Amino acid sequence: MTSSGDERSDGPVVVPPSACRPAPLAGDLRVAVTRATRRMRLERSSEQITDGQYAALAALANRGPMTTTALAEDQHVQTPPMSRTVGHLVDAGLVRRDEDPNDGRQTVLSLTEAGMTEVKETRRRRNAWLAQRLAELDPADREVLARAAVLLERIATR
């Protein structure tokens, strides 16, 4: 990381101007976001499902019922591996398959009550973990992160 000083120290973090240039900043942000994401993924309500299975549950919670093919496209994976993922989730009682009312050859996937509970509890745990880390920061640093959240969302949706 190009920031000066120890990132665990108290008080606002100071970075040199060179760390704000696009290329070094891109590298620092990529590493920091990756590390934060990996750490947050450890906070989940069940050790019985994988990260990929949770991602499929979260997609169904966020976007609603969809076919296995649509879920695979949403998650940027091929349909056969997604079919296996869905099979595990159905067997675990987290997802159900229903006949598509518009096309009887298709099935539509949706969350069961247990699946929605899994998603909500995992989100609650991840938010609690992150809120605790944020509470340890200086208010000025939290303000920077609040602005960064808006900017990261803008970058991600372009």
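The values are calculated or read from the model by the stated rules, or taken from the named source; none is laboratory data. The structure presented is a predicted model; accordingly, all values stated were derived computationally and were not measured. Please note: Cβ atoms are built from the backbone with ideal geometry, for glycine as well, and neighbour counts cover all protein chains shown.
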> Taking into account only those residues within the range 128-147 that are of a type in the set (A, V, I, L, M, F, W, C) and either in contact with a His (Cβ under 6 Å, 6 or more places away or on another chain) or under 16 Å from Val14 (Cβ atoms) (or both), which is surrounded by the most Cβ atoms within 10 Å (Cβ to Cβ)?
Replying inline: Leu137
> Can you tell which of Arg44, Arg39 is surrounded by 13 or more Cβ atoms within 10 Å (Cβ to Cβ), assigned to a helix (DSSP H, G or I) and at pLDDT below 95?
Replying inline: Arg39
> Within the group Glu136, Glu99, which residue is under 30 Å from Cys20 (Cα atoms) and among the acidic types (Asp, Glu)?
Replying inline: Glu136
> Of the residues in the range 69-116, how many are part of a helix (DSSP H, G or I) and under 23 Å from Arg41 (Cα atoms)?
Replying inline: 19
>> Taking the conditions exactly as written (surrounded by 14 or more Cβ atoms within 10 Å (Cβ to Cβ) and out of contact with any Ser or Thr (no Cβ under 6 Å at 6 or more places or on another chain)), does Arg105 satisfy them or not?
In response: no
>> Among the residues in the range 75-90, are any under 26 Å from Arg125 (Cα atoms), in contact with a Ser or Thr (Cβ under 6 Å, 6 or more places away or on another chain) and at pLDDT 95 or above?
In response: yes
>> Restricting to the range 27-60, name every residue that is closer than 26 Å to Met82 by Cβ and acidic (Asp, Glu).
In response: Glu43, Glu47, Asp51
>> For a quick check of your reading of the model, give me the residue pairs whose first member lies in the range 73-102 and is outside the structural domain of Ala56 (by TED's automatic domain parsing), whose second is part of a loop (DSSP other than H, G, I, E, B) and aliphatic (A, V, I, L, M), with beta-carbon atoms closer than 7 Å and at least 6 apart or on different chains.
In response: none
> Which one of the conditions (1) exposed (fewer than 15 other Cβ atoms within 10 Å of the Cβ); (2) in contact with a helix residue (DSSP H, G or I) (Cβ under 7 Å, 6 or more places away or on another chain); (3) in a helix (DSSP H, G or I) does Gln53 fail to meet, given that it meets all the rest?
Replying inline: (1)
> If you scan the range 117-137, which residues turn out to be outside any helix (DSSP H, G or I) and under 24 Å from Ala26 (Cα atoms)?
Replying inline: Leu137
